[in-house]
Amino acid sequence: MPTFKLDGREVPFEPGDTIMKAAWRQGIEIPHYCWHPGLSIAANCRMCLVEIKAERPMLMPTLKWDESKQDYVPSDKPKLTPSCQASAVPGQEVFSQSPEAKNAQAHVQEFLLLNHPVDCPICDQAGECKLQDYWQTSQGTLKRKHTEPVHKPKAVRFGPTIVYDGERCIMCTRCIRVCDEVVGDHVLDMRERGNKNEITVSPGRELNHKYTLMTEHVCPVGALTSRDFRFKARVWFLRSAKSVCTGCSTGCNDHMDFDPRKNQIFRIRPRDNAEVNKFWMCDDGMLTYHRVHENRVTQGIIRNGQAKNVTRAEALGAAAAALGKVSGANLAVVLSAQHSNEDNQALVRFAKEVLGSERFHIALLGGWEGDNILRHTDNNPNCAGALAAAGGKASSMPDLLKDVASGAVQGVLALGWASTEDAATLAPLRALKAMVSLSSNVGALTEVATTVVPVASFAEMEGSFVNAKGMAQRFERVIDAPEGVKPAWQTLADLAKAMGKPLSHAQPTHAPALQGGAVEEARS
Amino acid sequence: MEPIQEYEDENSLELPSEPMHLHMGPSHPAMHGTIRMVLELDGEIIRKVDVQPGYLHRGFEKSCERGTWSQVYPYTDRLNYCSPMLNNVGFSLAVEKLIGIEVPERCQIYRVILGELARVTDHLTCAGAMAMELGAFTPFLWIIKVRDWIWDILEIETGARMTHSFGRIGGMAKPPTEKLKELVRNVLPEIDKVLGEVNVTLLRNRIFMDRLQGVGVLSKEDALSLGVTGPMLRATGVDYDVRKATPYSGYETYDFEVPIGHVGDTYDRFMVRLEEVNQSCRILGQAIERLPDSGPINVDDPRVILPPKDEVYTTIEGTIAHFKLVMEGVKPPKGAIYSYTEGGNGELGFYIVSDGSGTPYRVRCRPPCFINLQSAGPMLVGDQVADIVPVFGSVNMIGGECDR
């Protein structure tokens, strides 16, 4: 692989790489705002200027301060090059830390802050803002211009998800490019020039495609803020866990940012994975964390005419009694494409060893539009994993309703809250001898269940999903489950005990070997 | 000791020939600090000493790895709490060396003034305590009176009598007060007067001299091989003072001398400390004459020193500087350095490692007390039990620094 020298260090690069991209691959950061590995090159922020050694450097006339003469004297300086745009050339020597390069970076940074409002205390980006980072690494001086800064529109509603602040914007055009290049929807553009320069939405449009939150994600400053996250938390209080999106079968890698003091998730950020989601996620996926906190089942429910909240132990007892009344041959087990491999495999084992049932069905969530960017038409994170857990032999929910109608099925044990069918369609299940639901959230399946046992959501356990490509991806536990609530695989072990048939050996605490492909370690 | 029952037959009664083991401390009114000595005694004669520190361990060095570099200052206050200002300055110099900055001259002089005031209190505390432990309570009270005068000055300057936390990376928390010069100028002759009285009372006292002279002798070779520094080393005749050997904060420009002893006994250590007080007063006299009334006290770098509040509230650069310094702290470049200064008890060193973040990767303190403490064993063997108190007192072990 050819190499070039960056600040004295050999940097290998692939033909076609720019200096910036080759350095980025090696984990070396050259200060930059407008460049993004997933977007085209704009080279408009001028932060990444570097000095490239040449035999006959192009020199520009300039004035330099002469200490002895106490005056400016004519001099010259090498012309600097934006490293995001300059192709890497074998053997060339690049300096991003030379006095001239550092001087340029300091002054570009000072220019960018020239009219910046004093917003850090109220800005959501504070703490992860490039303007703050590069002030410290590249500028480090106080303000020299003490006149009134230029004012621009603030808190402009761009659409249902994004708010724009013109004064904070540095015009890097990343948001424009993400709409153009990732989504293919030219809904944002820049208007005016100089002091009036601002980002604007196409006339008659709103920023309302499926990937609007990506504009906020790529914004290096606090100009674009997500209405979902705005003013909710300060980022330095948040910790991050590596997770996998449950929005659809693509299985985008993400960071779940949570506040450990409140045991609450505040946002999802995409986690780079070149083989799955590159750098991006869709809006619906970014908002799936709400499910962890909304419409949760935290107590057992027993429906005997009318619903009654009971403890988890009482619910387990009621479930065991109900399931005991039905013979294994007449019991159907519903796997969940929303639950992890671990939960589904435990349920299959429970069905075979404790219930003696071989009737497997998979409940799927519907009502979703796919596209050819990231969104898979199947909006269940683990359809492949659930199917693999059942040995590839599982039928659908309509089949289950047919079996119920025919009387072949007299009891159901269902995992999860998600199903395409609404409660009215599933109503025949109410009349069964046993209708037990193990669920983290309220859904159609819990509404028709006579007994509901609470279980932990995916964010409250570690496990793995198998995405549509057959990649098994591990996710970490993010927060603690509500008090007393355990993951479904543990709940099933408890249920087996309650039925007097404890499972033959302890359940695994980690993801066991999977059928749907090798477990891919979580990436950073 | 064997039980007495074994000697029921009076004819066979003999004095026990086995050595007696005695544990002194960790809580003993005559022990300096929380420390234990396991003694092997042959009658009154000490045959073996095992000094066991560790009763005051707070995990200072580990605690430093949690906060920012600036948040280390309160910990340094509690090293040698007889002279916290010297520790503050020592740590400041270490981090400044790592960053590669030098404070303005006014700050250097201010640091010298406050540091020498602290050194005076440190030496006086040691000398006063020794007099008291040998029964001379009056000179002790006189000396403590002097210490209080100096503490009054330090309180006016820093806001606290002992734990000042007054050092800053790249400067000091505040510029000198207007009163400082006058206060120091007034206190110097008073110190001299009281020390003269103390000298008359103690150094003409036969009992006091007998208890010090020829007791607890530490040879030059032993001192050097044990790594002893400070007044203890100088009492053995070695001319080593960090202020002279590798000057910092402009000490090379002051006219002062390094007193040395020639026997290395408790008396020499006592006298070296008293003379160092005089020399510190000389330095103080010169420093207050030099101290400019105006000028910058902190380095001019908003990445190190918090910007003025009006800049924070009205400009984005000021806000960012404040935010970064408070939330993430000063970020020294990646690397490690060892920086050392003359503390109250000897060479106070900080070996600090930075990983480039705002939090120290490692703060290792070379505490002079801990290393000086090793000499207590060789010094005490052959002396009497009653000599432990003055000899160990002359080591001036400070638990906070020894155990950290």
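Considering segment B:282-328, the residues that are loosely packed, with under 14 Cβ neighbours inside 10 Å and under 31 Å from the mean Cα position of the chain (by Cα) include one that is farthest from the other protein chains (Cβ to nearest Cβ), namely B:289.
Listed here are the residues, each with its yes/no results for (1) touching a Leu at 6+ places or on another chain (Cβ under 6 Å); (2) surrounded by fewer than 21 Cβ atoms within 10 Å (Cβ to Cβ); (3) closer than 27 Å to residue B:112 by Cα.
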site	(1), (2), (3)
B:173	no, yes, yes
B:181	no, yes, yes
B:198	no, no, yes
B:212	no, no, no
B:225	no, yes, no
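Just one of the listed residues (A:152, A:143, A:102) is touching a residue at least 24 places away in the same chain (Cβ under 8 Å) and more than 14 Å from chain B (Cβ to nearest Cβ), namely A:152.
Within segment B:166-175, can one find any residue that is within 30 Å of residue B:135 (Cα to Cα), under 24 Å from the mean Cα position of the chain (by Cα) and among the aliphatic types (A, V, I, L, M)? Break it down into steps so the answer makes sense when it comes.
Restricting attention to segment B:166-175, the residues satisfying the condition of being within 30 Å of residue B:135 (Cα to Cα) are none.
No, every residue in segment B:166-175 fails to be within 30 Å of residue B:135 (Cα to Cα), under 24 Å from the mean Cα position of the chain (by Cα) and among the aliphatic types (A, V, I, L, M).
Hey, could you check segment B:345-375 for residues that are among the aromatic types (Phe, Trp, Tyr) and surrounded by 18 or more Cβ atoms within 10 Å (Cβ to Cβ) and say which is nearest to residue B:303 (Cα to Cα)?
If we filter segment B:345-375 for residues that are among the aromatic types (Phe, Trp, Tyr), which is where we start, we get B:350-351, B:361, B:370.
Within this subset, residues satisfying the condition of being surrounded by 18 or more Cβ atoms within 10 Å (Cβ to Cβ) are B:350, B:370.
On the way: B:350: 22, B:370: 35 Å.
Of everything passing the filter in segment B:345-375, B:350 is nearest to residue B:303 (Cα to Cα).
Being more than 14 Å from chain B (Cβ to nearest Cβ), acidic (Asp, Glu) and under 24 Å from residue A:21 (Cβ atoms) narrows it down to one of A:67, A:55, A:51, so name that one. Break it down stepwise before answering.
Working: A:67 fails: under 24 Å from residue A:21 (Cβ atoms); A:55 fails: under 24 Å from residue A:21 (Cβ atoms).
Sole residue among the options that is more than 14 Å from chain B (Cβ to nearest Cβ), acidic (Asp, Glu) and under 24 Å from residue A:21 (Cβ atoms): A:51.
Among the residues of segment A:31-81, the ones that are touching a strand residue (DSSP E or B) at 6+ places or on another chain (Cβ under 6 Å), crowded, with 16+ Cβ neighbours inside 10 Å and of a type in the set (D, E, K, R) come to 2 in all. Residue count for segment A:97-122 under the criterion of being farther than 24 Å from residue B:309 by Cβ and polar (S, T, N, Q): the result is 4.
Could you tell me whether segment B:373-390 includes any residue that is acidic (Asp, Glu), at negative phi and at pLDDT below 90? Outline the logic, then answer.
Taking segment B:373-390 first, the residues acidic (Asp, Glu) are B:383, B:387.
The next check asks that each one be at negative phi; those that pass are B:383, B:387.
From what's left, at pLDDT below 90: B:383, B:387.
Yes: one or more hits.
Residue A:389 satisfies every condition listed in (1) crowded, with 24+ Cβ neighbours inside 10 Å; (2) at pLDDT 90 or above; (3) hydrophobic (A, V, I, L, M, F, W, C) except (2). As a summary of the residue check, residue B:259 satisfies the conditions (1) more than 19 Å from residue B:370 (Cβ to Cβ); (2) touching a residue at least 60 places away in the same chain (Cβ under 8 Å); (3) in contact with a helix residue (DSSP H, G or I) (Cβ under 6 Å, 6 or more places away or on another chain); (4) crowded, with 16+ Cβ neighbours inside 10 Å except for the one numbered (2).
Of all the residues that make up segment A:116-137, how many are within 18 Å of residue A:172 (Cα to Cα), crowded, with 17+ Cβ neighbours inside 10 Å and more than 9 Å from chain B (Cβ to nearest Cβ)? Residues flagged as within 18 Å of residue A:172 (Cα to Cα), crowded, with 17+ Cβ neighbours inside 10 Å and more than 9 Å from chain B (Cβ to nearest Cβ) within segment A:116-137 amount to 3. Working only within segment B:23-41, note down all residues that are surrounded by 13 or more Cβ atoms within 10 Å (Cβ to Cβ) and at pLDDT 80 or above. B:24, B:26, B:34, B:35, B:36, B:37, B:38, B:39, B:40, B:41 - these are the residues of segment B:23-41 that are surrounded by 13 or more Cβ atoms within 10 Å (Cβ to Cβ) and at pLDDT 80 or above. Scanning segment A:105-114 for residues that are within 11 Å of chain B (Cβ to nearest Cβ) and either farther than 29 Å from residue A:80 by Cα or surrounded by 17 or more Cβ atoms within 10 Å (Cβ to Cβ) (or both) yields A:109, A:110, A:112, A:113. Screening the candidates A:55, A:67 for the property of being modelled with pLDDT of 90 or more and acidic (Asp, Glu) yields one hit, A:67. I need the full set of residues from segment A:92-108 which are within 13 Å of residue A:10 (Cα to Cα) and either under 35 Å from the mean Cα position of the chain (by Cα) or part of a strand (DSSP E or B) (or both), in order please. The answer is A:93, A:94, A:95. If the condition is being within 19 Å of residue A:440 (Cβ to Cβ) and assigned to a loop (DSSP other than H, G, I, E, B), then segment A:376-421 contributes A:379, A:380, A:381, A:382, A:416, A:417, A:418, A:419, A:420, A:421.
The values are calculated or read from the model by the stated rules, or taken from the named source; none is laboratory data. Source: prediction; values computed, not measured. Note that we place each Cβ from the backbone using ideal geometry, even for glycine, and neighbour counts take in every protein chain shown.
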